[in-house]
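First the structure, in the form of structure tokens, and then the observations on it.
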Amino acid sequence: MATKYFKSSQKTLSLLNQKHLTPSQLDQIHAHLVTSGTVFDPFAAGKLLLIKSTSATLDHTYTLFKTLPNKSTYIWNTMLKTLTENNKPHFALHLFKNMFSSAFSPSNYTLSFVLKACADVKEVNVGFMCHGLVVKLGWENYDFVLNGLVHLYGVCECLVYCRRLFDECDTKDVVTWTAVINGYVSVGRVEEGRKLFDVMPNKNNVSWSVMINGYVKGGLFQEGLDLFNEMLRCGFRPNHAGVVAALSACGFLGALDQGRWIHAYVDKKKMELDGILGTALVDMYAKCGCIELAYRVFEEMPCRDVFAFTSLISGLANHGESERAIALLSRMSREGVKPNEITFICVLNACSRMGLVEEGIKVFESMTDVYGINPSVQHYGCLVDLLGGAGLLEQAKKVVTDMPMEPDSYVLGALLNACRVHGNVELGREMVEGLTEKGLDRSGVHVLLSNIYASVDQWGCVESVRKNMEVENVKKDPGCSLIEVDGVVCEFVAGSKLITKETELLLSGIDKHLRSYWIDNDITCLHSFVIFFNYKAFDIYEFCESCMIEIVGDNECTVAGTYMTYVVIVTNLFFGVTE
């Protein structure tokens, strides 16, 4: 620590108080402070550092900080604040340790910055130390310190400490309430978070968004969308986080009308189409079947990052636009965007869907050769699916045996599904035995084996597999389908009793009429058949005579062609609806 000290003149301070200083002017002022010796004045030096932190690069600001000879707590706090605001929490915590070792005492403002950095990286141990300092120095009554502790314990899943601080606080504000609610919903305790939200005396758009996001992350998409609509009715303007969560819910529900309305709201309110919001719109339109709208939003984004590219590639792959998906990978390189692991999973899936074996192998090899990314078990699963789907079962099996890690249920399941498609019973049985040994013989594996036997008319083996499932109490998760009518999303689950008497009478004659048509004998289609007519009757019979139907399911149907054949026949027979 320097021994010299100069007090800045009014002239020097007036220079620092000027607005809109250019980098060149700041450098001149810095030089003046050094030559005049007033750089030793902590107030003037801190003022210069603060201005630099908002106008110069982070590296330049940190270099200035290191050269200041007479650092005060204010100067340390300014640098800590700069690091946390620039998403450098690890550097902020390292600087805090240096501050301690330099014999500087932190202030309550110091701890507010440090607690934010701890929360960003979930460093709860440093948070415990800060909490001890808060108690020792009697800073519990400072709102920004208390809120920092509540937020830290919430994101670190230390809900006992989080709730204790919340309950003991006599001066709770909206930030305190929001922090503890976020703690509950972030660990999946959405109902408890909602109870607090409902009794919260004052809400803002952040607290609404936290609760909406909690529902969506917990898979309660309809509840999240309902709360978003309630937020609007209550006169609150959603922030980016709330809009992104609502768009995510629309995508999972297939709620296209509501998704379009939210997009129109974004345009009307002139919300910035940043990377996160733009990607959410791309993802929503892709999941709702409007891939061209997704592409249009993508092109309108001022800055496209890896997440935007990956979202569109995934959407194109799911819509059979594999060549466009692969072309986007090349475009990423031209625009200087490096693909990540998820990007390659989406591209490999695109190749698999269209049977583009050579292109898929090239993409797989480029991961390590071009981008330096080591394939994970998911990437090997995609490669197995690609080779197996093309009938190259031996090559697919070789990938499984040669891969550098243990194959998981997805990898073996991909090979098993290929055995079903190509009727290779022996290899399929071998794969099931391998899954059983690894404890991965879930219901889907047994169903696939049953379908393999059915594909070669071994009905006795089919019955045997089904009986073994009953004996071992292996149950298949029920499928569900969703339909949106006039902006309202309705869900139909296999085995539900939401069918009317009229519809039941209608369904009773379907099987007899279908037998007069030639349909590919693939029993894997039957799992969704009754569900389909449940909501098909609900949609066409109850609501409209001529309309476009968009169907969203909770999983991929491997026999969509056969499934849609049933759709065409029955809608023609019973509802007079043509293709």
* Asked: Residue-wise, which Karplus ³J(HN,Hα) couplings in Hz belong to segment 356-362, taking 6.51 cos²θ - 1.76 cosθ + 1.60, θ = phi - 60°, and x for glycine or proline?
  -> 8, 5, 4, 5, x, 5, 4
* To do: Report the one residue of V370, M354, M332 whose Cα lies farthest in the direction of the positive end of the charge dipole of segment 304-375 (charges on C-beta: Lys and Arg +1, Asp and Glu -1; origin at the Cα centre).
  => M332
* Structure fact -> Computed over all unlike Cα pairs, the Kirkwood hydrodynamic radius of segment 253-378 in Å stands at 15.0 Å
* Asked: So which of K172/K195; K116/K195; K81/K122; K88/K270 end up more than 21 Å apart, counting from Cα to Cα?
  -> K116/K195; K88/K270
* To do: Describe numerically, in nm with one decimal, the distance between label points set 7 Å from Cα along Cα→Cβ at V187 and at S101.
  => 3.4 nm
* Assuming 1.306 mPa s and 10 °C, estimate D for segment 304-375 with Stokes-Einstein, Rh taken as the Kirkwood radius over Cα pairs, in µm²/s. => 135 µm²/s
* Averaged over all directions, how much area does the convex hull of the C-alpha atoms of segment 89-182 cover when projected, in nm²? -> 5.4 nm²
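Read-outs: derived from the displayed coordinates by stated rules, not from any lab. Computed from a predicted structure; not experimentally measured. Virtual Cβ from ideal backbone geometry, glycine too; neighbours counted across all protein chains shown.
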